[in-house]
1. Between 82, 46, which is farther than 21 Å from residue 15 by Cβ, within 18 Å of the chain's Cα centre (by Cα) and at pLDDT 95 or above?
2. Just give me the residues in segment 1-18 being in contact with a Ser or Thr (Cβ under 7 Å, 6 or more places away or on another chain) and either without any contact (Cβ under 8 Å) to a residue 12 or more places away in the chain or over 16 Å from residue 105 (Cα atoms) (or both), in sequence order.
3. So is residue 131 under 19 Å from the mean Cα position of the chain (by Cα) and small (Gly, Ala, Ser) or not?
4. If I go through segment 145-180 residue by residue, how many of them are closer than 18 Å to residue 118 by Cα and part of a helix (DSSP H, G or I)?
5. Show me the helices (runs of 4 or more DSSP H) entirely contained within segment 1-99 in which 1 or more residues are of a type in the set (Asp, Glu) and more than 16 Å from the ligand (Cβ to nearest atom).
6. Out of 192, 175, I need the residue that is touching a residue at least 24 places away in the same chain (Cβ under 8 Å), surrounded by fewer than 21 Cβ atoms within 10 Å (Cβ to Cβ) and more than 27 Å from residue 104 (Cα to Cα). Which one?
7. Can you report the number of residues in segment 126-144 which are surrounded by fewer than 20 Cβ atoms within 10 Å (Cβ to Cβ) and either away from the ligand (no atom under 14 Å from the Cβ) or in a helix (DSSP H, G or I) (or both)?
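The values are calculated or read from the model by the stated rules, or taken from the named source; none is laboratory data. Keep in mind the model is a prediction, meaning the values are calculated, not measured. In this analysis, Cβ positions are derived from the backbone assuming ideal geometry, glycine residues included, and neighbour counts consider all displayed protein chains.
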Amino acid sequence: MKIFMDTANVDEIREFADMGIVYGVTTNPSLIAKSGRSQADVIPEICSLIPGPVSAEVISLDCAGMLEEAHKLVKIAENVVIKIPCTAEGLKAVKVLSSEGIRVNVTLIFSLPQALLAARAGAAYVSPFVGRLDDIGEDGVQLVADIVDVFRNFDIKTEVIAASIRSLGHVNAVMLAGCDIATIPTKVLRAMLVHPLTDKGIEKFLADYRDSQKR
Ligand code: E4P
């Protein structure tokens, strides 16, 4: 499973990019707002840090507006992926953009039929929202597992991005479900890195090393 960061915070992206673990980045209008910067300002910087896919979301609701935004966004860098919500207008835009060779990440996927429609429209990626489904008492991980299964059965090449990840449990579960990608918020990424026994092990090794130096 490839790791994407789900943030528009450039400092956080730089920190994890230095470890070589970040394959791509996803942003959305809420994350851009949280960064305190504009999309036009922050997306070029993210693209220069991460050579892999960087999703930038359109805000227009109609196909023509989405296409206009998308055509501007792809000029920023070669690795920009256009993020479009799963609506009728959105899928029309996906059809046009994919025929132009522009990669689209269809976002706000909450059902198996939505994932199939997005894939058939030509999406390079679909983003089922795990946490938001759990929030309404549904099983977000199960949706990811079902989409992975269906895409495999029908040999659909669209990659599945597990989005709205809230916990280590989500990461483990979507990994075991064979999901192609998880887009992970920084807090959860930090939690993936640590284990109390690692810290304890380092302390013990250092203590033993210091003892050995006294002999
Ligand atoms: C995905 O691409 C979205 O940016 C993101 O995962 C949404 O997560 P949230 O439900 O925690 O806002």
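1. None of the others qualify; the one that does is 82.
2. 8, 9, 12, 13 - these are the residues of segment 1-18 that are in contact with a Ser or Thr (Cβ under 7 Å, 6 or more places away or on another chain) and either without any contact (Cβ under 8 Å) to a residue 12 or more places away in the chain or over 16 Å from residue 105 (Cα atoms) (or both).
3. Yes; evaluated as a whole, the condition is true for this residue.
4. Residues meeting the conditions: 9.
5. Of the helices (runs of 4 or more DSSP H) lying wholly inside segment 1-99, those with at least 1 residues that are of a type in the set (Asp, Glu) and more than 16 Å from the ligand (Cβ to nearest atom) span 10-17, 39-49, 63-73, 88-99.
6. The conditions single out 192.
7. Total satisfying the criteria: 7.
For every residue, the table says whether it meets (1) buried (at least 22 other Cβ atoms within 10 Å of the Cβ); (2) touching a residue at least 60 places away in the same chain (Cβ under 8 Å).
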| position | (1), (2) |
| --- | --- |
| 20 | no, no |
| 38 | no, no |
| 43 | yes, no |
| 49 | no, no |
| 53 | yes, yes |
| 63 | no, no |
